[in-house]
1. Kindly provide the set of residues from the stretch 116-148 that are assigned to a helix (DSSP H, G or I) and over 21 Å from residue 18 (Cα atoms), ordered by number.
2. If we keep just the residues of the stretch 155-196 that are modelled with pLDDT of 90 or more and either outside any helix (DSSP H, G or I) or at positive phi (or both), which is most open to solvent (accessible area, probe 1.4 Å)?
Amino acid sequence: MTEPNPDQFEMRRLESLSNTIFGVAMTLLAYDLPKAAVFTSVPDWSDLAHVYSGKLAGLALSFIIAGVFWISHHRRLARQPVGSRGAVILNLFFLLSIVLLPVTNGLYTNYSMSSAVAVLYGLHLTAIAGLNAWLWWTILGGWRQEIMASLFPLLVFIPGTIVAAFAPHIAPFVWFIAFGGLAIQRFYGARTGPGA
């Protein structure tokens, strides 16, 4: 019987941790919604729409982003049954960036017209995308479909963050383009076929 390598870690344990972290972070995105406003009288539909429409849009953006990165993380860990100490530490930094998503989302949904807050949120999204692409690179070690799909959000979040510095109200529309990475992966996968 061979002795286990002390520098190798079972990634399914990391997968359990990551599922918990993603679940909690995605739930906490909605934490501030009920407390978003204190009405001086009974609110009507226009009051509710005025207070919550931007917050719900920010929640939807962050929830979808977290969901897309959870799918990517799950697919990546499925390809990597064991990992080195460095891979585990890099994954932990990626998970830390997910833990912080409710914080920057809360700032962004409350102060979306602030260019400083929008840039902070954009930098955070860029960091998440960068860590995700780096993790894909470490397990694949070259240009493949997953690398191209993981780089696409990074290439969208960087200009989106620049837009946020000058026009924070337009930045979310740029950031939504990041989901094109899924389309790239679907299109490329359909062209190469399941056995490729």
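The values are calculated or read from the model by the stated rules, or taken from the named source; none is laboratory data. Fair warning: this is a prediction, and the values are worked out from it, not measured in the lab. Surface areas here come from the heavy atoms of the whole protein model, side chains and all, with no ligands, DNA or RNA. Shrake-Rupley method; radii C 1.70, N 1.55, O 1.52, S 1.80 Å.
1. If the condition is that a residue be assigned to a helix (DSSP H, G or I) and over 21 Å from residue 18 (Cα atoms), then 116, 117, 118, 119, 120, 121, 122, 123, 145, 148 are the ones that fit.
2. The residue in question is 169.
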